[in-house]
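See structure below.
The values are calculated or read from the model by the stated rules, or taken from the named source; none is laboratory data. As the structure is a prediction and not an experimental result, all values here were calculated from the model. Note that we place each Cβ from the backbone using ideal geometry, even for glycine, and neighbour counts take in every protein chain shown.
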Amino acid sequence: MSSGVRLGIFYTIVRPEEKAILAAAEARGVPVVRLDDGEVTFGLEAPPDLPDVVLNRSVSHTRSLYAVHCYAHYGVPTVNAPAVVELAGDKVLCSLRLAERHIPTPRTVVALSPEAAMAAIDRIGYPAVLKPAVGSWGRLMAKVDNPEDALQILEHKSALSSPVHSVFYVQEYVPKPDRDLRAFVVGNEVVAAMYRRSGEWRTNAARGGSTEAAPLTSELTDLALRAAEAVGGGVLAVDLMESPSGLVVHEVNPTPEFKALAGATGADIAGRIVDYALGVARR
Amino acid sequence: MTNCPECEATVENHGMVLGEVFSCPDCGTELEVLGNTPFSVQPAPKEAEDWGE
């Protein structure tokens, strides 16, 4: 049944997730406006024929950020909202917010030069984890086991030209089982959760880790909802680790993938996302 | 059907949508559906540093 709402989908490429979202919209009779992030342009005045809500599925943090601000400027709500994309899309800003809200998260130190990064790693202690502040799928993350590793990794990072690599986000290495947890939040509900297992320390499903459904315990649900709310709420994947002292949140992802989660749990995540977007659309 | 721009293998459209990314069955290159009528493909965009979730 059509709601009369036109759903914009801002995307880079069409992966199984976007295909599922397109199918969910079609099943609901919702007209879709496809917005290719490599083709759209934004003027200062609102163009005609804007959709009533834009679901951001761009894989580029930079494109996402400018696009959601532009759509907000035109009066079109976005999923997620600009402030959420800003916060959750940047690990530094996200960690600051989680700490402000007293949400358990790994010890983190940020440095803005290779020299300061060495001091930051020393402050965290070995092993430490070095992550890019922006971007994910486990790319360019490094587990630093000793000062010699640290020097070599920092030297390599210094050779990378992108300004992203001049921000050093250093986190404690959390001793955990060979798995982490992903909880998928839509609005005020955790719709599904899964364990992600891997033989290596990075457990991202995009890196080939295996997945299985995880029970929605009260601890997991409470923490995931608090983390999502801390960054402003919406459609968010909250990644958690089982530390010796309990669950800790290490990432909140504002443009989450869900193919593996839907496969592991059978949850209709695409449908839930579309329904949520329709709910925040302008009337 | 069309040809992979990298290896020229024949690639067929099995219900793919505009913009969908898939691997060439022969060479494994990531391809993106550019059009459905006629079916055309191009190499998919390369992963950039700010790509992620």
* Asked: Which one of these does A:L55 not meet: (1) under 26 Å from A:V164 (Cβ atoms); (2) over 17 Å from the mean Cα position of the chain (by Cα); (3) away from every other protein chain (no Cβ under 11 Å)?
  -> (2)
* Mind checking whether some residue in region A:74-93 is hydroxyl-bearing (S, T, Y), within 17 Å of A:I273 (Cα to Cα) and either buried (at least 22 other Cβ atoms within 10 Å of the Cβ) or out of contact with any His (no Cβ under 7 Å at 6 or more places or on another chain) (or both)? -> yes
* To do: For B:V33, indicate whether it is assigned to a strand (DSSP E or B), surrounded by 12 or more Cβ atoms within 10 Å (Cβ to Cβ), at the interface with another protein chain (Cβ under 8 Å from one of its Cβ atoms) and touching a Leu at 6+ places or on another chain (Cβ under 7 Å).
  => yes
* Return a yes/no flag: does region A:196-218 have any residue that is part of a strand (DSSP E or B) and among the aromatic types (F, W, Y). => no
* Give me the pairs, please: first residue somewhere in region A:159-182 and not assigned by TED's automatic domain parsing to the domain that holds A:A117 and surrounded by 18 or more Cβ atoms within 10 Å (Cβ to Cβ), second residue anywhere and part of a strand (DSSP E or B) and among the aromatic types (F, W, Y), beta-carbon distance under 9 Å, and either six or more positions apart or on two chains. => A:R179/A:Y195; A:D180/A:Y195; A:L181/A:Y195; A:R182/A:Y195
* Asked: Based on what the data block shows, is A:K143 of a type in the set (K, R), within 24 Å of the chain's Cα centre (by Cα), closer than 23 Å to A:C94 by Cα and within 14 Å of another protein chain (Cβ to nearest Cβ)?
  -> no
* Asked: Identify, please: which residue in region B:21-30 is more than 11 Å from chain A (Cβ to nearest Cβ) and out of contact with any Leu (no Cβ under 6 Å at 6 or more places or on another chain) and is, among those, farthest from A:A88 (Cα to Cα)?
  -> B:D26
* What's the number of the condition B:S23 fails, among (1) buried (at least 19 other Cβ atoms within 10 Å of the Cβ); (2) of a type outside the set (K, R); (3) within 19 Å of A:E17 (Cα to Cα); (4) under 10 Å from the mean Cα position of the chain (by Cα)? -> (1)
* To do: List every residue pair whose Cβ atoms lie under 8 Å apart, where the two residues are 6 or more positions apart in sequence or sit on different chains, the first residue falls within region A:90-107 and is outside any loop (DSSP other than H, G, I, E, B), and the second residue, located anywhere, is of a type in the set (G, A, S).
  => A:K91/A:A133; A:V92/A:A133; A:C94/A:A88; A:R97/A:A230; A:L98/A:A227; A:L98/A:A230; A:E100/A:A230
* Residue satisfying condition, being charged (D, E, K, R) and within 26 Å of the chain's Cα centre (by Cα), within set A:R179, A:R123 -> A:R179
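Conditions (1) aliphatic (A, V, I, L, M); (2) more than 14 Å from chain A (Cβ to nearest Cβ), marked per residue:
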| position | (1), (2) |
| --- | --- |
| B:V11 | yes, yes |
| B:M16 | yes, no |
| B:G19 | no, no |
| B:F39 | no, yes |
| B:D50 | no, no |
* Structure fact -> Condition set modelled with pLDDT under 80 and surrounded by fewer than 21 Cβ atoms within 10 Å (Cβ to Cβ), scope region A:122-139, selection farthest from the other protein chains (Cβ to nearest Cβ): answer is A:G138
* **Search result, residues across region A:1-51 that are part of a loop (DSSP other than H, G, I, E, B), of a type in the set (S, T, Y) and within 14 Å of chain B (Cβ to nearest Cβ)** => A:T12
